[in-house]
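A short write-up of the structure that comes next.
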Amino acid sequence: MRSFGVTPHARSSIRVWRWVTVSGHNVALYLSLGVILVYCAIALFAPVIAPFDPFAMSGSPLAPPDATHLLGTNDLAQDIFSRLIWGTRATLILGFLGAAVSVVMDTIIGIVAGYYGGRVDEVVMRFVDVMMTIPAFPLLLVVTIFFRPGIYVTAVIMGLFGGLNGVRIIRSQVLTLAVSDFVVGTKALGAGDGYIMGRHILPNILPLVGVKFVTSAQHFMLVGIGLGFLGIGDQNLVDWGQMIERASQNGGIILGLWWWLIPPGLAVTVISLALAWFAYAWEERINPRFQVMRV
Amino acid sequence: MRLAYVLRRLLYSALAFGISVTIMFAILHFMPGDYITQYLEAIYTIAPPEVVEAYNHAYGLDRPLIEQYFSYLIGVLQGDWGYSLSYSRPVLDVVCEKLVWTLVLLLPATVLSAIVGIVIGAYSGWKRGSKADIALLNGMIFLRAIPSYWLALVILIIFAFYLGFFPLGGYVSLSALDTGIDPLDVMSHAALPIFTLFLFSVTGIYYLMRNSMLMTAGEDYIVTARSKGLDDPAILWRHAVRNAMLPTVTMIAFQCARMLAGSIFVETVFSWPGLGMLTYEAIEVRDFPLLQGILLIDTLFVIVANIGADMIYPFIDPRVEVGS
């Protein structure tokens with residue numbers, strides 16, 4: 001497992017270095033989990049934390065940060081800090097709901113294809129291949145513009161269109177499980193296919209599914225906020241993409257109003273980084289051989 | 001075998017394109033509100049029913065659904081992709097014109113990220129667990145976590161706005177009006193968008209290459225090469241990389257789809273007149289026919305990229321003949 005190039009002497013310093021980085025499982029894992037939980041708490045308690053109504057005019061427009069408006073106000077005189085806090089909700093909903101939909105879909109398809117194998121597998125995988133050729137993001141754009149769905153429907157659509165790439169990973173894992181002794185044994189005992197898939201195969205791939213869920217959540221968060229950035233987010237909500245768009249279109253760049261432009265982007269980057277880190281550390285823990293390919 | 005493979009490949013490609021077209025048709029048909037009514041509302045406040053009916057008849061919207069579907073399908077295949085509302089030109093013309101400008105960004109960005117991604121990914125995977133590997137890995141995780149639109153904005157602000165090294169946007173300077181388009185001028189405009197797209201796409205190739213390298217490093221022939229007394233760099237670049245990069249090459253085609261999505265944001269931020277910014281414009285003015293055209297051309301683009309990767313594969317791996 002170890003690279004040949006690392007000398008024993010080098011290892012001790014690496015161990016220290018690792019402690020604070022990704023490969024040192026613990027710190028990375030718990031730190032990123034901590035960040036994710038903090039975001040969840042902010043989303044949950046947004047009404048308590050935010051000092052102002054995110055849509056209300058709460059002062060003079062384009063005010064710089066001060067004690068009442070921690071991050072100043074935007075061109076509509078809305079409190080940027082409050083909008084930032086409320087925006088957490090939209091971000092988490094888009095990410096986690098989208099990921100849930102795609103992971104459930106991938107898991108079901110992957111288990112069925114891998115378990116039955118043969119013709120079923122062939123047909124399913126060819127279908128996945130074909131669907132992967134259709135660019136998910138432009139398709140998502142078209143559908144969102146035509147149907148103007150709310151945030152929940154958007155998240156579901158996102159999960160349906162953008163999720164299929166996980167099928168391959170899950171299926172390949174199930175393929176090996178399906179011919180393993182305990183599955184063959186259970187089959188010999190007369191257990192039904194549904195029972196084996198649900199009770200024996202699913203628990204074995206759950207860690208993999210979990211990692212996939214976290215990476216998907218990160219992906220869909222970025223995509224969902226991207227929709228807001230393109231001006232087709234849910235107008236009834238505050239989301240960070242809409243905030244970035246507003247700031248960049250209405251003078252945030254030209255006037256150099258960093259407190260308007262930087263915080264939403266930074267907020268996305270931090271949660272996205274936490275999820276990526278968490279997924280990586282978790283994956284290393286469950287799967288030291290890195291069998292999961294990330295694209 | 002070879003012919004069968006090519007035919008199968010073409011069949012799948014056609015299927016993917018067909019599904020795209022079908023989805024487009026379904027969306028058109030099931031969208032809330034009536035297409036004609038919406039279109040006519042630009043002229044009338046409330047469209048008179050007889051006008052709506054006349055239009056429906058003129059466009060064949062009163063015919064059976066299946067007939068409409070096939071006439072739509074045949075139209076698409078004949079190059080009739082509809083008429084852009086905002087450009088007042090056939091969609092296919094607009095889309096093809098913009099595709100060229102997108103390729104000006106995508107091709108260099110793809111080549112650059114493939115080369116850099118493969119090289120540093122290989123090195124990182126080879127030196128697994130070393131400081132260099134961990135630093136690279138963390139750097140890449142960090143880079144991948146930054147949303148592309150945000151990255152583009154920050155790069156624009158730093159390099160174009162504050163440092164002034166590059167123009168703020170567009171594809172040529174105003175002087176092009178007098179002197180014509182100067183390739184050097186276009187390149188200085190393209191530099192930042194290409195760089196952003198490169199950063200956006202290099203992480204994916206790096207991950208794959210690193211993972212692939214981790215697998216390869218344990219193979220027997222690597223041990224053999226080592227026992228022959230070859231030095232480390234020779235084994236790495238002559239033996240390991242050549243094998244480890246194979247899966248990566250196929251994934252570069254998939255990467256193209258991701259790049260297309262990324263280019264929507266990058267082009268919008270840098271006002272680059274390609275497909276991405278066209279998408280943004282079409283969204284802003286709700287130019288439905290144009291959006292469909294964009295989706296179709298994007299699908300075609302990914303299909304072509306996939307076929308391209310398949311064709312390149314045998315050149316990189318002499319053991320593989322096309323289709324085997």
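The values are calculated or read from the model by the stated rules, or taken from the named source; none is laboratory data. Please read these numbers as outputs of a predicted model, since none were measured by experiment. Positions of Cβ are generated from backbone atoms using ideal geometry, with glycine treated the same way; all protein chains shown enter the neighbour counts.
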Check your understanding: Do any residues in region B:219-230 that are closer than 19 Å to residue B:122 by Cβ have Cβ atoms under 9 Å from those of residues that are of a type in the set (Val, Ile, Thr) and at pLDDT 80 or above, where the two are at least six apart or on different chains, and which pairs are they?
Key -> B:222/B:216; B:222/B:235; B:225/B:235; B:226/B:235
Review point. When both residues are 6+ apart or on different chains and their Cβ atoms are under 9 Å apart, which pairs have a first residue that lies in region A:85-96 and is in contact (Cβ under 8 Å) with a residue 12 or more places away in the chain, and a second that is in a helix (DSSP H, G or I) and among the polar types (S, T, N, Q)?
Key: A:87/A:242; A:90/A:242; A:94/A:154; A:95/A:216; A:95/A:218; A:95/A:272
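With the structure loaded, tell me whether residue A:248 is among the polar types (S, T, N, Q) and either surrounded by fewer than 23 Cβ atoms within 10 Å (Cβ to Cβ) or farther than 25 Å from residue A:40 by Cβ (or both) or whether it fails that test.
Working: among the polar types (S, T, N, Q): yes; either surrounded by fewer than 23 Cβ atoms within 10 Å (Cβ to Cβ) or farther than 25 Å from residue A:40 by Cβ (or both): yes.
Answer is yes for this residue.
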Review point. Does residue B:181 satisfy being among the β-branched types (Val, Ile, Thr) and touching a helix residue (DSSP H, G or I) at 6+ places or on another chain (Cβ under 8 Å)?
Key: no
Review point. When residues of region B:277-307 are filtered for being more than 10 Å from every other protein chain (Cβ to nearest Cβ) and outside any helix (DSSP H, G or I), how many remain?
Key: 1
Exercise for review: State which residue pairs qualify: first residue closer than 19 Å to residue B:283 by Cα and within 14 Å of another protein chain (Cβ to nearest Cβ) and inside region A:145-159, second residue part of a helix (DSSP H, G or I) and of a type in the set (Phe, Trp, Tyr) in any location, beta carbons under 6 Å apart, and separation of 6 or more residues or different chains.
Suggested key: A:158/A:220
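Here are some residues: B:282, B:305. Which one is among the aliphatic types (A, V, I, L, M), at negative phi and touching a Leu at 6+ places or on another chain (Cβ under 6 Å)?
Values: B:305 fails: touching a Leu at 6+ places or on another chain (Cβ under 6 Å).
The match here is B:282.
Does any residue of region A:236-252 turn out to be of a type in the set (Val, Ile, Thr), at the interface with chain B (Cβ under 8 Å from one of its Cβ atoms), under 12 Å from the mean Cα position of the chain (by Cα) and within 30 Å of residue B:254 (Cβ to Cβ)? Can you show your working first?
Restricting attention to region A:236-252, the residues satisfying the condition of being of a type in the set (Val, Ile, Thr) are A:238, A:244.
Next, only the ones that are at the interface with chain B (Cβ under 8 Å from one of its Cβ atoms) stay: A:244.
When the remaining residues are screened for being under 12 Å from the mean Cα position of the chain (by Cα), the result is none.
Looking through region A:236-252, none of the residues is of a type in the set (Val, Ile, Thr), at the interface with chain B (Cβ under 8 Å from one of its Cβ atoms), under 12 Å from the mean Cα position of the chain (by Cα) and within 30 Å of residue B:254 (Cβ to Cβ).
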Exercise for review: Please work out which residue is farthest from residue B:267 (Cα to Cα), limiting yourself to region B:152-193 and to residues that are surrounded by 19 or more Cβ atoms within 10 Å (Cβ to Cβ) and facing chain A (nearest Cβ under 9 Å).
Suggested key: B:157
Review point. Considering only residues of region A:101-131 that are crowded, with 18+ Cβ neighbours inside 10 Å and within 19 Å of the chain's Cα centre (by Cα), which is farthest from the other protein chains (Cβ to nearest Cβ)?
Key: A:107
Point to revise | Residue match in region A:51-71 (condition: touching a residue at least 12 places away in the same chain (Cβ under 8 Å) and either within 14 Å of another protein chain (Cβ to nearest Cβ) or not in a loop (DSSP other than H, G, I, E, B) (or both)) | key: no
**Study point:** Members of region B:254-276 found to be of a type outside the set (Ser, Thr, Tyr), away from chain A (no Cβ under 11 Å) and within 23 Å of residue A:261 (Cα to Cα), listed by number
**Key:** B:266, B:267, B:270, B:272
Review point. Conditions: (1) within 13 Å of chain B (Cβ to nearest Cβ); (2) over 21 Å from residue A:204 (Cα atoms); (3) among the charged types (D, E, K, R). Residue A:168 meets all but one. Number of the miss?
Key: (2)
Review point. Scanning for something part of a helix (DSSP H, G or I), under 29 Å from the mean Cα position of the chain (by Cα) and not β-branched (Val, Ile, Thr), does region B:168-177 turn up at least one residue?
Key: yes
Review point. Quick check: is even one residue across region A:261-275 more than 12 Å from chain B (Cβ to nearest Cβ) and touching a residue at least 12 places away in the same chain (Cβ under 8 Å)?
Key: no
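Being of a type outside the set (Lys, Arg) and buried (at least 16 other Cβ atoms within 10 Å of the Cβ) is the filter here; which residues of region B:84-103 pass it?
Start the filter on region B:84-103 by keeping residues that are of a type outside the set (Lys, Arg), which leaves B:84-88, B:90-97, B:99-103.
Within region B:84-103, B:84, B:85, B:87, B:90, B:91, B:92, B:94, B:95, B:99, B:101, B:102 meet the criteria.
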Check your understanding: Within region B:232-242, is there a residue that is under 29 Å from the mean Cα position of the chain (by Cα), more than 10 Å from chain A (Cβ to nearest Cβ) and surrounded by fewer than 20 Cβ atoms within 10 Å (Cβ to Cβ)?
Key -> yes
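From the residues in region A:159-209 that are over 30 Å from residue A:98 (Cα atoms) and polar (S, T, N, Q), which one is farthest from the chain's Cα centre (by Cα)? Even if it seems obvious, please write down each step before you answer.
Keep residues of region A:159-209 that are over 30 Å from residue A:98 (Cα atoms), which gives A:179-192.
Subset that is polar (S, T, N, Q): A:180, A:186.
Numbers: A:180: 32, A:186: 36 Å.
Among those residues, the one meeting the criterion is A:186.
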Review point. Which one of these is within 14 Å of chain A (Cβ to nearest Cβ), surrounded by fewer than 22 Cβ atoms within 10 Å (Cβ to Cβ), touching a residue at least 12 places away in the same chain (Cβ under 8 Å) and not in a loop (DSSP other than H, G, I, E, B): B:136, B:112, B:106?
Key: B:136
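Only one of A:71, A:37, A:31 is surrounded by 16 or more Cβ atoms within 10 Å (Cβ to Cβ), of a type outside the set (D, E, K, R) and modelled with pLDDT of 80 or more. Can you tell me which? It would help to see each step written out before you state the result.
Values: A:37 fails: surrounded by 16 or more Cβ atoms within 10 Å (Cβ to Cβ); A:31 fails: surrounded by 16 or more Cβ atoms within 10 Å (Cβ to Cβ).
Only one candidate qualifies: A:71.
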